[in-house]
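Peer 1: This is the structure I want to talk about, given as structure tokens.
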Amino acid sequence: MTEKIKVFKHNSICIDVGDRAVYVDPFEMDETPRDAAFILVTHDHYDHFSPEAIEKVANKNTVLVVPEKMKSKAAELINTIAPEVAIPVHYGLITGTSKNAGEEFSRLVKSPVKVEVRI
């Protein structure tokens with residue numbers, strides 16, 4: 001089972017799930033596979049949130065999952081790569097409720113990207 005896990009530079013990993021992949025913190029990607037089903041970004045440091053690397057693995061069906069505090073940076077990238085769905089996430093202090101947690105982020109993301117709030 002572990003043969004399906006690829007470790008790239010720094011903290012960047014890819015989990016092969018058949019013809020699609022799940023990426024965590026893609027960073028300094030040498031190739032441009034555009035095969036991401038999901039991209040999970042853990043936090044806003046440059047070596048965990050790399051728009052250049054994300055663009056290399058994302059496609060129009062990719063679901064991008066990023067911390068809520070990164071809403072402005074993430075929305076800018078999301079509007080560029082235009083994934084089908086964006087899910088804001090949050091860790092650390094609890095600020096907001098499930099009712100209002102994604103409202104500001106949703107306003108920053110342009111159609112046709114669908115924002116799904118799960119917190």
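The values are calculated or read from the model by the stated rules, or taken from the named source; none is laboratory data. Predicted model, so just to flag it, every value in this text is computed and none were measured. Heads up, the Cβs are rebuilt from the backbone with ideal geometry, glycines too, and the neighbour counts pull from every protein chain shown.
Peer 1: Which residue is farthest from Ile13 (Cα to Cα), if the candidates are limited to region 34-57 and must be among the small types (Gly, Ala, Ser) and in a strand (DSSP E or B)? Before the answer, list the steps.
Peer 2: To start, the set of residues in region 34-57 that are among the small types (Gly, Ala, Ser) comprises 36-37, 50, 53.
If we keep only those that are in a strand (DSSP E or B) too, we end up with 36-37.
Details: Ala36: 12, Ala37: 14 Å.
Taking the candidates together, the pick is Ala37.
Peer 1: How many residues does region 58-74 hold that are surrounded by fewer than 21 Cβ atoms within 10 Å (Cβ to Cβ) and either touching a strand residue (DSSP E or B) at 6+ places or on another chain (Cβ under 7 Å) or not in a helix (DSSP H, G or I) (or both)?
Peer 2: Residues that pass the stated criteria total 7.
Peer 1: For residues in region 82-107 being aliphatic (A, V, I, L, M) and either buried (at least 18 other Cβ atoms within 10 Å of the Cβ) or in a strand (DSSP E or B) (or both), which is modelled with the lowest pLDDT? Give the steps one after another, and end with the answer.
Peer 2: To start, the set of residues in region 82-107 that are aliphatic (A, V, I, L, M) comprises 82, 85-87, 89, 93-94, 101.
If we keep only those that are either buried (at least 18 other Cβ atoms within 10 Å of the Cβ) or in a strand (DSSP E or B) (or both) too, we end up with 85-87, 89, 101.
On the way: Val85: 82, Ala86: 80, Ile87: 77, Val89: 68, Ala101: 59.
Per the criteria, the residue is Ala101.
Peer 1: Let me ask something additional. Filtering region 108-119 down to residues that are in a loop (DSSP other than H, G, I, E, B), at pLDDT 80 or above and hydrophobic (A, V, I, L, M, F, W, C), which residue is nearest to Val57 (Cα to Cα)?
Peer 2: Among those that are in a loop (DSSP other than H, G, I, E, B), at pLDDT 80 or above and hydrophobic (A, V, I, L, M, F, W, C), it is Val113.
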